Amino acid sequence: MSDIYDLLIIGGGPAGLTAAIYASRAGLRYLMLDKGYPGGQVANTDMVDNYPGLPGISGIDLAGKLLEHAENMGMELVMDEVTDLDVGDEIKTVHTLGGEYRAHNLLLCTGASPRKLGVPGEEAFRGRGVSYCATCDGAFFRGKKTVVIGGGDTALQDALYLSAFCESVTLVHRRDAFRGNDQLQKKLPQHQNIHLEMSSTALAIEGTDRVSGVRLSTPSGEKLIPADGVFIAVGTIPNSALLRGKADTNEGGYVITDQYRRTSIQGVYAAGDVRDTVLRQILTAAADGAIAVQSMLEL
């Protein structure tokens, strides 16, 4: 671990795996560090319909294809958790639970994590009816009543996914119109067991040993929705703690980069969902990874 790499990639989602492919093609000496099995959030996605050339592929299959491609190109992967970065010198040092690694360039591909509601019962029932990943935990609620909270693509996808095997799915959104794409919205009425609660917010998640319902504030007053499971899909927060106080971030904590994916620190790049960008998709994350590596070669 005393060797100096050309590049250290932190995070193995679509951005990191694409960066690895491009780094291999460029002949860079690099290493990927990931605290878990590579794949990122896409591995927790039921179905991907907007990745060019692979319509209808499952998230886990797409993640597997990306990983297989990177490994076939010669990617070296170390499964270890990064705890801190020293980025003030020309040679950057990455500290992990297992030791430290050094490189001329760092690429942060740490993605984002689910945003929490912050209502009573959310933490108490996490893992006992409260989930942030329908494709991970939905099977536990086969034939049961569920609630999905959110109004974006993820919330709509979760509701459609759960409707295939749950007794009922109540989709709760704080606004009077969804933010998710039109194609997903058009599918909702096709499923009779999906019920909408618009202009409504969750006040509390209730239960004893497990979730039994969600108390809502609706236009007509408070309402208790019986539920065995609650799936929260209200956005994400960036996993940018490693660069906090070191690189420029926006108000939401997303890392600010230029068009070359360079951060405010020389030799440190960011790609994917952790970056300040107008669109967070698998495709744009992959593009970020490619652009970052190409920029290292040309700048």
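Every number in this text was worked out from the coordinates using simple rules, so none of it is lab data. Computed from a predicted model, the values in this text were never measured in an experiment. Cβ coordinates were reconstructed from backbone atoms using ideal geometry, including for glycine residues, and neighbour counts include every protein chain displayed.
Which FRET efficiency, nearest 0.05, do residue 167 and residue 115 yield, Cβ-Cβ r, R0 45 Å? Spell out each step's value before the answer.
Numbers: r = 27 Å, r/R0 = 0.61.
E(calc), rounded to 0.05, equals 0.95.
If one takes the longest principal axis of the Cα atoms in the chain, at what angle in degrees, from 0 to 90 and to the nearest 10, does the Cα axis of helix 153-163 lie?
With both axes taken from Cα atoms, the answer is about 50 degrees.
If you project the alpha carbons of region 103-167 onto their three principal axes, what span does each projection cover, largest first, in Å?
54, 28, 22
For the charge dipole of the chain, defined by +1 on Lys and Arg C-beta atoms and -1 on Asp and Glu C-beta atoms about the Cα centroid, which residue among 36, 140, 19 has the Cα displaced farthest towards the positive pole?
Among 36, 140, 19, the one farthest towards the positive end of the dipole of the chain is 140.
Around residue 207, which amide H atoms from residues at least 5 apart in sequence, or from another chain, sit under 5 Å from its own amide H, with H modelled in the peptide plane?
Residues meeting the amide H criterion: 212.
Need one number for region 1-101: average projected area of the convex hull over its C-alpha atoms, nm².
Value for region 1-101: 7.0 nm².
State, to one decimal in nm, how far the label point of residue 199 lies from the label point of residue 250, with both points 7 Å from Cα in the Cβ direction.
3.0
Highest first, please rank the peptides 146-155, 95-104 by the mean number of other Cβ atoms sitting within 10 Å of their residues.
The densest-packed peptide leads the list: 146-155, 95-104.
What is the angle, in °, between the Cα long axis of helix 282-298 and the longest principal axis of the Cα atoms in the chain? Nearest 10 is fine, range 0 to 90.
10
What is the distance, in nm, between label points placed 7 Å from the Cα along the Cα-to-Cβ direction at residue 60 and at residue 144?
1.9
Given a Förster radius of 45 Å and the C-beta distance between residue 4 and residue 192 as r, what FRET efficiency does 1/(1 + (r/R0)^6) yield to the nearest 0.05? Please report the intermediate quantities before stating the final value.
On the way: r = 61 Å, r/R0 = 1.35.
Approximately 0.15, to the nearest 0.05.
Tell me, for the chain, which Cys residues have no other cysteine's C-beta sitting closer than 4.7 Å.
Singleton cysteines: 109, 166.
Roughly how tilted is helix 59-72, in degrees to the nearest 10 and between 0 and 90, from the longest Cα axis of the chain?
Between the helix axis and the principal axis of the chain, the angle is about 10 degrees.
Of 284, 50, 274, which is farthest along the charge dipole of the chain in the positive direction, counting Lys and Arg as +1 and Asp and Glu as -1 at C-beta?
After comparing all options, I get 50.
Give me the net charge for the shell around residue 42: Cβ to Cβ below 11 angstrom, other residues only, Lys and Arg +1, Asp and Glu -1.
Taking every Cβ under 11 Å from that of residue 42, the sum is -2.
Name the residues of region 102-121 whose amide N is less than 15 Å from a point 7 angstrom out from the Cα of residue 179 along the C-beta direction?
113-117
Apply the a/c threshold of 1.5 to the C-alpha gyration tensor of region 116-232 and tell me whether it is rounded, prolate or oblate.
Judged from the Cα gyration tensor, region 116-232 comes out oblate (a/c at least 1.5, b/c at or above a/b).
Starting from the 7 Å offset along Cα-to-Cβ, what nm value, one decimal, do you get for the label separation of residue 49 and residue 215?
3.7
Please list 170-176, 79-85 highest first by mean number of surrounding beta-carbon atoms within 10 Å per residue.
On the way: 170-176: 19.1, 79-85: 15.4.
Packing proxy ranking, top to bottom: 170-176, 79-85.
Quick one: net charge of residue 62's neighbours, Cβ under 12 Å, K/R +1, D/E -1?
-3
Under the Kirkwood approximation applied to all pairs of distinct alpha-carbon atoms, what is the hydrodynamic radius of the chain in Å? Mind showing how you got there, number by number?
Numbers: mean 1/r = 0.0491 Å⁻¹.
The answer is 20.4 Å.
Within 15 Å, Cβ to Cβ, of residue 157, how many net charges do the neighbouring residues add up to if Lys/Arg are +1 and Asp/Glu are -1?
With Lys, Arg at +1 and Asp, Glu at -1, the net is -2.
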